[in-house]
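Notes to accompany the following structure.
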Amino acid sequence: MKAVTAIDQLAESYDLVVVGAGPAGLSAAARAAELGVNVLLVDENPAPGGQIYRAVTMTPVTDRNVLGTDYWRGAEIVARFERSQASYAGSCTLWSIGPDAAVPEGGGFEIGLSLDGRARLIGARQLILATGAQERPFPIPGWTLPGVMTAGAAQIALKSAAIVPAGRTVIAGCGPLLYLLAGQLAAAGAEIVAVLDTTPRSNWLKAAAALPNFLRSPYLAKGLRLMAKARRSLRFVGGVTGLAAEGAGKLAAVRVERGGSITTIACDTLLLHQGVIPGVNLSNAAGCAHDFDTVQHCWVPRLDDWLTSSVPGIAVAGDGAGIGGAESAALRGEVAALSAAHRLGRFDARERDREAEPLRAKLVRALHGRRFLDLLYRPAPQFLAPRQDETIICRCEEVTAGQVRDTATRLGVTGPNQMKAFLRCGMGPCQGRLCGPTVVELIAEANGTTPAEVGYYRLRPPVKPVTLAELAALPQSEAAVKAVVR
Ligand SMILES: Cc1cc2nc3c(=O)[nH]c(=O)nc-3n(C[C@H](O)[C@@H](O)[C@H](O)COP(=O)(O)OP(=O)(O)OC[C@H]3O[C@@H](n4cnc5c(N)ncnc54)[C@H](O)[C@@H]3O)c2cc1C
């Protein structure tokens, strides 16, 4: 591996740029480099690993039982990448993708990168976006109070800095990661006073048809172990139908609704989580087509068998291509790398197909039983589209659920882009990552349509915040200067 630590160490152009150093990106970059491709891997985090293996090479959490065996497997993936000839830029954020003006016949990209406060535009013949997933937004009344955060954020603090939430902690929501996170935090010494499970009971019935497949899935034993461990040692409260964070200036308690009854649990930290969805900001801003996946209930990029998007030369691998977990992320990364290497002329289609065959077989096994988890842990409608008007939806612009509902019904707004023009939701630094899915749900509910019909934000670069100073310091081409100087 060739480490890039300053922006001017980057080459003018690479055959392949991989964005994201999680299992998908690390595997993609390693495989491509092993095939002789000139590849650059960039990640905005200081160390490789992505979400699941975050900080695996440098975490201060040395007790291996705290983060579990799955976490430590990341060291092998990172080691394989480090043995490769790929270039790696950590703490490096990609904020734009556009056509490469230097390639007149088209077919290349110009990407914007920031590293250490300096920005640069470089070329990439092929791109693999391995930017992973994000937690599904979980807006409840009071979720902007200090003391409330996402469970994933608490896990980031644990993995990268060995920090656990102080005081009485409540974890609330649904999904397999909820049990994992509760177990990890408890093992690390957090005082977890309750785990509030919002999984709708009716989901069991909907998921039942997919159960036989799940019984043969690699997730089964793992999931049962996680649940048993967490349930043995922690206070579980199932059937939760409503939640509100309460406190004056900071969190003091969580209000819990179960069916008809209401209770209050005093706490200092509330961790919210209702599963993960693909992070689509980058693929969206790059112009890739997306579809609404009705089973996973989220937007996913439209991809072919080789994970290539509707924009030739851009592939999406890992959880960004649809939630599948770490093992499938790594396998998808390799499939995308084979395809990119083929397009770059490293080998013919027959060899590409032969190399991909064992990966595809493993991928089928890794994804076995996924449907059951997706159906079981689909969030309840009242958590996707909050009922209380005062609930803040867009944290950047402080837009409430009531405002979105009112604008949809009274002004007849039918889509999120129009909503953005009226309310500015989605115009803040997160570029809609936190409000987008909720805005879509609220519009669909108000207009009696579906998220698929409502559509999603049309996003523009920069997809991540970049300073004006960095932009202004970018070298200007003659054509760019002519475009603004009259
Ligand atoms: C908060 C959170 C915690 C999770 N924890 C676990 C866990 O403990 N166990 C588990 O089994 N699954 C976990 N998951 C699920 C996770 O998605 C895994 O399945 C796995 O990490 C997916 O791998 P990936 O390579 O697709 O993406 P990721 O591992 O998510 O890696 C994506 C990488 O892309 C980088 N990136 C994103 N955008 C940019 C950009 N514009 N420029 C530069 N870099 C960028 C990110 O920094 C990140 O390192 C978690 C998901 C989330 C959202």
Legend entry - Taking the C-alpha atoms of region 68-202, convex hull volume expressed per residue in Å³: 204 Å³
Legend entry - Kirkwood Rh in Å, taken over all unlike Cα pairs in region 401-486: 14.8 Å
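Which shape class applies to region 96-166: rounded if a/c is under 1.5, otherwise prolate when a/b exceeds b/c and oblate if not, where a ≥ b ≥ c are the square roots of the Cα gyration tensor eigenvalues?
Verdict is prolate for region 96-166.
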Legend entry - Nearest-ten-degree value, helix 349-367 long axis tilted from longest Cα axis of the chain: 10 degrees
Legend entry - Lys/Arg +1, Asp/Glu -1 at C-beta; the chain dipole; positive extreme among Ala444, Gln9, Gly68: Gly68
Legend entry - Solvent-accessible area per residue, Å², over region 3-94 with all protein chains present [probe radius 1.4 Å]: 38 Å²
Legend entry - Rounded percent of accessible protein surface that carbon and sulfur make up, the chain, 1.4 Å probe: 55 percent
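How big is the dipole moment of region 120-242 about its Cα centre under a simple scheme where the beta carbon of each Lys and Arg is +1, that of each Asp and Glu is -1, and everything else is neutral? Debye, nearest 20, please.
Working: 14 positive and 3 negative charges, 76 e Å.
It works out to roughly 360 debye.
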Legend entry - Calculated P(r) of region 10-64 - Cα pairs past 16 Å, %: 46 percent
Inset, instruction - May I ask which residue of Ala101, Val300, Pro465 lies farthest towards the positive end of the charge dipole of the chain, with charges of +1 (Lys, Arg) and -1 (Asp, Glu) on Cβ and the Cα centre as origin? - result: Val300
Inset, instruction - Find, to one decimal place in angstroms, the Kirkwood hydrodynamic radius of the chain, where the mean of 1/r is taken over every pair of different Cα atoms and then inverted. - result: 23.4 Å
Inset, instruction - Calculate for the chain the 222 nm mean residue ellipticity that helices alone would give, adding -39,500 (n - 2.57) per DSSP H run of length 4 or more and normalising by residue count, nearest 500 deg cm²/dmol. - result: -10500 deg cm²/dmol
Inset, instruction - Any cysteines in the chain with zero other Cys Cβ atoms under 4.7 Å from their Cβ? List them, or say none. - result: Cys92, Cys174, Cys267, Cys288, Cys298, Cys396, Cys430
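Can you give the charge dipole size of the chain about its Cα centre, rounded to the nearest 20 debye, using +1 on the beta carbon of Lys and Arg and -1 on the beta carbon of Asp and Glu? Walk me through the numbers before you get to the answer.
On the way: 50 positive and 43 negative charges, 227 e Å.
In debye, rounded to 20, the chain gives about 1080.
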Legend entry - Radius of gyration, Dmax [region 1-135; alpha carbons; angstrom]: 15.2, 55
Legend entry - Rounded to the nearest 10 Å², the accessible area of Asp348 at probe 1.4 Å: 90 Å²
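Per residue, how much accessible surface does region 317-460 expose to a 1.4 Å probe? Answer in Å², no decimals.
Details: 6150 Å² over 144 residues.
Per-residue accessible area for region 317-460 comes out at 43 Å².
The values are calculated or read from the model by the stated rules, or taken from the named source; none is laboratory data. Computed from a prediction, not measured in an experiment: that's the story for all the values here. For neighbour counting, all protein chains shown are included, and Cβ atoms are generated from backbone atoms with ideal geometry for every residue, glycine included. Heavy atoms of the whole protein, side chains included, go into the accessibility calculation; ligands, DNA and RNA do not. Shrake-Rupley method; radii C 1.70, N 1.55, O 1.52, S 1.80 Å.
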